Amino acid sequence: MANILIDIHLAEGKVEEMRLQQDTAKIYFDYFEQEIFDKHGVDPDNYKESLKYHIDNIKTLDQIYAIVLDSLNLRREVTKID
């Protein structure tokens, strides 16, 4: 789940940087999101069910997001170095 969320946040950032109209941005994000699901071999409905489970069990979501944030922060630091 953490790896999928990392990729989703990176895709959101990519779309945001494009500075598109909202409807166009949604089209791009939906495309990137499907690529992420394909990459991880996850069915979108299963992802949504899993996310709902973790939202209902907030402690597990907090643990997952600690990993997500650490990874995203590390990527940002590595990018600054390059």
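The values are calculated or read from the model by the stated rules, or taken from the named source; none is laboratory data. Since the structure is predicted, the reported quantities are computational estimates derived from the model, not experimental observations. All Cβ positions, glycine included, derive from the backbone under ideal geometry; neighbour counts span all protein chains shown. Just so you know, the surface numbers come from the protein's heavy atoms only, side chains and all, with ligands and any DNA or RNA stripped out. Shrake-Rupley method; radii C 1.70, N 1.55, O 1.52, S 1.80 Å.
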Can you tell me how many residues in the range 39-82 are loosely packed, with under 11 Cβ neighbours inside 10 Å and either under 14 Å from residue 3 (Cβ atoms) or aromatic (Phe, Trp, Tyr) (or both)? 2
Consider residue 23 carefully, then state whether it is part of a helix (DSSP H, G or I) and open to solvent by less than 100 Å² (accessible area, probe 1.4 Å). no
